[in-house]
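The values are calculated or read from the model by the stated rules, or taken from the named source; none is laboratory data. As the structure is a prediction and not an experimental result, all values here were calculated from the model. Glycine gets a Cβ as well: all are built from the backbone with ideal geometry, and neighbour counts include every protein chain shown. Heads up: the accessible areas ignore ligands, DNA and RNA and are worked out on the full protein's heavy atoms, side chains in. Shrake-Rupley method; radii C 1.70, N 1.55, O 1.52, S 1.80 Å.
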Amino acid sequence: MNAELIAVGTEILLGDIVNTDAQTVSQGLSELGIDVFYQTVVGDNPDRLERVIREAADRADIIITTGGLGPTLDDLTKETLARVFGKEMVLHEPSLARIRDFFARIGREMTPNNEKQAWLPKDCNVFVNEWGTAPGCAFEAAGKHVLMLPGPPRECEPMFRKCAMPYLYPLAGGCIVSRNIRVFGLGESAMEDRLHDLMESMQNPTIAPYAKISECYARVTAKAKDEEAAQALLAPVVQQVADLLGDDVYGIDVDSLEQVVGDGLRERGLTLAVAESCTGGLLSKRITDVPGCSEYYLGGVCSYCNEVKEKILGVKGETLKAYGAVSQQTAEEMAEGVARALGADVGVGITGIAGPGGGTEEKPTGLVYISVYFDGGCTTRRTVNTYGRDRVRNHAASTALDMIRRRILR
């Protein structure tokens, strides 16, 4: 089976939004073993949309659309697909009831045009939208499977995972399952070097290294008749990969470093506070992106000026005078100072020169000192990153999280 994706929305063509739905759906289809040969973006124009649908029907077994399911006049995906495949549109009363209930719960009047979202192709499989108002759906006609998903990523992603993938599973003719071994502190080429012999010897599962900003991961993928069989193939290979990569592995099938660190702090009953200079609150932001972080994260201090470092964090004036704000000594006093000021078990201090200016021969742009205070002592790292301000800041925040992991959670 092969699929074609059609994203409907003039705002994508104008560059106002990025079509992240295509990535979500393509990755999920890959897991199912369904090939994607074409992706198309078309504006909110019924004639052009119809031409694109007819082209897709000529070359794909499965057509998946995203967008165009809303209440406005230019939301025409369902109507156009129904016309192309000869399907009658009918009012789906359960969907209408859900839409009415939604407006009642938020205390707003439902305008008549919202009823449009509840009109669906007759006899379709309805995908209940628990994340918005517009339902999705699927039907089979003329030997093709047609699936419609809402455009907003916060609705499209969970609906694809919870509704569309179970619908597609019987069509896949097999199952592809991947496991991801997440790594920090090891570059992509070094990771590939460690895995090279194992990668060459594998056919099913396969191993592929990937690089992301400031970290890498190895994806192990198996194909089998069902998920249970695929997982059985994966388990020993995933363990081999993790053993070869050692302490640089921060998790398997985990969301992020901040999730791993947060879970570890919670399990150990430890609290965390951070003091940031060059990262400007980025570390705090990443920590607080994790639901439930208030169980272990006490707060942070964004200390760009030396007066704040001295008055709030207790960094000694003589330290700043002798070594400067960007130094190992200052980072360590920031880490210990924020832990004491907020009463945390673990303190992090970050100070550096994010750039693009401000560097010297002795202290170049991209130089960052990161210190983790715990149990009466500091562990400190000096890093230099030359790939621009955003990379400097992201790498510093990731390094701080990884240092907590290695120091406290190992």
Neighbours by Cβ (under 9 Å, 6+ apart or cross-chain): first from segment 349-369, free of Cβ contacts under 8 Å to residues at least 12 places away in the same chain and at negative phi; second part of a loop (DSSP other than H, G, I, E, B) and of a type in the set (A, V, I, L, M, F, W, C): 359/353; 360/353
A careful count of residues in segment 86-117 that are in a helix (DSSP H, G or I) and not aliphatic (A, V, I, L, M) gives 15
Long-range neighbours under 6 Å by Cβ, at least six apart or interchain, first residue part of a loop (DSSP other than H, G, I, E, B) within segment 384-400, second among the small types (Gly, Ala, Ser): 385/366; 386/366
The condition of being among the polar types (S, T, N, Q), crowded, with 17+ Cβ neighbours inside 10 Å and in a strand (DSSP E or B) holds, among 65, 80, only for 65
Before we move on, is residue 85 in contact with a Pro (Cβ under 9 Å, 6 or more places away or on another chain), closer than 20 Å to residue 36 by Cα and touching a residue at least 12 places away in the same chain (Cβ under 8 Å)? no
Applying the selection to segment 103-127, what residues are open to solvent by less than 80 Å² (accessible area, probe 1.4 Å) and more than 23 Å from residue 86 (Cα to Cα)? 103, 104, 106, 107, 110, 111, 113, 114
Give 172, 141, 190 a once-over and let me know the one that is at pLDDT 95 or above and among the aliphatic types (A, V, I, L, M). 141
Surrounded by 16 or more Cβ atoms within 10 Å (Cβ to Cβ) and over 11 Å from residue 64 (Cα atoms), is that true of residue 34? yes
Can you tell me which residues in segment 145-179 are in a strand (DSSP E or B) and either open to solvent by 40 Å² or more (accessible area, probe 1.4 Å) or of a type in the set (Ser, Thr, Tyr) (or both)? 178, 179
Being in a helix (DSSP H, G or I) and open to solvent by 20 Å² or more (accessible area, probe 1.4 Å) is the filter here; which residues of segment 331-351 pass it? 332, 333, 336, 340, 341, 342
Going through (1) crowded, with 17+ Cβ neighbours inside 10 Å; (2) within 12 Å of residue 8 (Cβ to Cβ); (3) within 32 Å of the chain's Cα centre (by Cα) one by one, residue 74 fails only at (1)
Report yes if some residue within segment 107-119 is among the basic types (Lys, Arg), touching a residue at least 12 places away in the same chain (Cβ under 8 Å) and more than 24 Å from residue 4 (Cβ to Cβ); otherwise report no. yes
Residue pairs qualifying under the 7 Å Cβ cut-off, at least six apart or on distinct chains, with the first in segment 41-61 being open to solvent by 20 Å² or more (accessible area, probe 1.4 Å) and the second being assigned to a helix (DSSP H, G or I), are 41/12; 41/13; 44/10; 46/80; 50/80; 50/84; 54/84
Return the total of residues in segment 1-25 being assigned to a loop (DSSP other than H, G, I, E, B), more than 17 Å from residue 165 (Cβ to Cβ) and either in contact with a strand residue (DSSP E or B) (Cβ under 7 Å, 6 or more places away or on another chain) or not β-branched (Val, Ile, Thr) (or both). 5
Quick test of your reading of the structure: residue 135 fulfils all but one of (1) open to solvent by 30 Å² or more (accessible area, probe 1.4 Å); (2) more than 29 Å from residue 405 (Cβ to Cβ). Name the failing condition by number. (1)
Does at least one position in segment 309-324 carry a residue that is farther than 20 Å from residue 378 by Cα and not in a loop (DSSP other than H, G, I, E, B)? yes
Go through (1) out of contact with any Ser or Thr (no Cβ under 6 Å at 6 or more places or on another chain); (2) among the β-branched types (Val, Ile, Thr); (3) open to solvent by less than 70 Å² (accessible area, probe 1.4 Å) for residue 17 and report which single condition fails. (3)
Do we have any residue at all in segment 18-28 that's within 20 Å of residue 144 (Cα to Cα) and at pLDDT below 95? yes
Out of the residues in segment 365-385 meeting the condition of being over 32 Å from the mean Cα position of the chain (by Cα) and open to solvent by 40 Å² or more (accessible area, probe 1.4 Å), tell me which one is nearest to residue 326 (Cα to Cα). 376
Residue that is outside any helix (DSSP H, G or I), modelled with pLDDT under 95 and surrounded by 15 or more Cβ atoms within 10 Å (Cβ to Cβ), where the choices are 300, 355: 355
Report whether or not residue 258 is open to solvent by less than 40 Å² (accessible area, probe 1.4 Å), in contact (Cβ under 8 Å) with a residue 12 or more places away in the chain, assigned to a helix (DSSP H, G or I) and of a type in the set (Asp, Glu). yes
